[in-house]
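Nothing in this text is a laboratory measurement; each read-out follows from the coordinates by a stated rule. Note that the structure is a prediction, hence the values are computed from the model and not measured. Positions of Cβ are backbone-derived with ideal geometry, glycine not excepted, and every protein chain shown enters the neighbour counts.
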Amino acid sequence: MENNYPFISMLRKYVSSSVLLVIATVAALIIANSPWGDTYRAFWELPVSMSLGSFNLFSHNGHAMTLGEFINDYLMAIFFLSVGLEIKREILCGELSSIKKALAPIIGACGGMIIPIIVFFLICPKDPVMERGMAIPMATDIAFSLGCLSIFSKRCPLGLKVFLAALAVADDLGGIIVIAIRYTEHLNLLYLLISALIVVVLCIGNWRGIRTKAFYFDMGFLLWFFMLESGIHATIAGVVLAFCVPANIPNGTKFWVERIRRQLEHFPATEVTRTDRNKPVVLSDEEIAMLKSVESASDHLVSPLQDMEDILKLPVNYQIIPLFAFANAGVNLAGMSPMNLFSGVGLAVFLGLLIGKFCGVLSFSWIGIKLGLMQMPENANWKSFASVCMLCGIGFTVSMFMATLSYPSTHVDLLNDAKLGILCGTVASAIVGCLMLNSSLPKGIRE
């Protein structure tokens, strides 16, 4: 039986963070359409700076970043670092580690990216500016989708949860590739060359066995700065850094466990009585050295990749992503009409998520199963599988991010239409998917 503990841990992490995402999104919508709406929007336009003389670290093209740009360009780079670490782990030893394991989520993800783009292209008016948002409905939000699936707890087979989580990871990889290619415009070759040299240094550090996390974080910050100035979207720096972080454990786990045991065997153990409990403990230099040796050995038992992933887990899921949602989900509904959702960019994004994602994932998976390239998730049937395919239309974080890249500040109306389509497509996919799951999953199992 395969070990699914990493995915169970992932499910718990994203389910709990999805609650904060919902709260942040609802709060942003309420405030943006309240008497404080203008203050809310002006707040994200405040300049951000970290200056040394006339040099501002958080500037781009000679202009200081706004708070909104800082969140989208810098904090989201940390989010994509976390995503990159997760993708690398899954490729090395998870659900994407072999062709047999990876085919199912990759086939589904390909359909879930291609068909929504086609739906957007067919529905959206033939306008070059509007068509910039073609990639918006191709993303699946892993936190929201797994959050919806968690409602059904034990009624839902683990195989379906694993499929959805792996598909969302593959989806993220596709989204990263699209961001790198589609949203790169004017390249500065000098800064691009410096970025490439930093990547070489990171690769050499990995090859030479440098395990200090500070080295990778510091070099990653430099990579982010020069990649931002090069013209490639700075969030890609997070992914590139992730793939340069070592995932191995030198000498294996046995070597370090034995070292810990040897040190602990020589460490003097003293019994503490009730009267001695509050007395200060003063260790000798030799004892402190032993404990530091144990600490160092413990650090070597966890690869830098997993250690960094664990360090970023809390700030990314409970601070960065909710903050991103609060900053970007505040759609100004003033002056909007139902036609904003039933025409143009809003309709293209809405149907791309609700219809495109469902049809894409289900049709490609059906073809893959019929051709023998993949298997139906364990303990699932076509009805429950189709229900999970509908949940793939829950596109929020990466879709919102792509919307901000597609329609900059000069096209605010299109950006608001796209965000409205994302919100409505996400809610509709969640409701329909949950209703389908409730109908297709076995009854009588305690939640």
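Where nothing but the Cβ of Lys and Arg (+1) and of Asp and Glu (-1) is charged, how large is the charge dipole of region 31-185 around its Cα centre, in debye to the nearest 20?
The calculated dipole for region 31-185 is roughly 680 debye.
Suppose R0 equals 30 Å; then what is the FRET efficiency for S343 and N33 from their Cβ-Cβ distance, rounded to the nearest 0.05?
0.90
Using amide H atoms built in the peptide plane, which far-off residues or other-chain residues are under 5 Å from A64 H to H?
none
I394's amide H: which non-local residues (gap 5+, or another chain) put their own amide H closer than 5 Å, with H modeled 1.01 Å from N in plane and none for Pro or chain starts?
D141
Where does each of W366, W36, W224 land when they are ranked from fewest to most other beta-carbon atoms within 10 angstrom?
In order of increasing Cβ crowding within 10 Å: W36, W366, W224.
Using θ = phi - 60° and the Karplus form 6.51 cos²θ - 1.76 cosθ + 1.60, what ³J(HN,Hα) does each residue of region 84-91 get, whole Hz, x for Gly and Pro?
For region 84-91, the Karplus-derived couplings read x, 4, 5, 4, 4, 4, 5, 5 Hz, x marking Gly and Pro.
Taking a temperature of 10 °C and a viscosity of 1.306 mPa s, what whole-number D in µm²/s does Stokes-Einstein yield for region 133-235 with Rh from Kirkwood over alpha carbon pairs?
96 µm²/s
So if we plug the beta-carbon distance of E265 and L103 into 1/(1 + (r/R0)^6) with R0 = 41 Å, what FRET efficiency do we get, rounded to 0.05?
0.25
Efficiency by 1/(1 + (r/R0)^6): what FRET value for A334 and R182, r their Cβ-Cβ distance, R0 = 41 Å, to the nearest 0.05?
Between A334 and R182 the formula returns 0.85.
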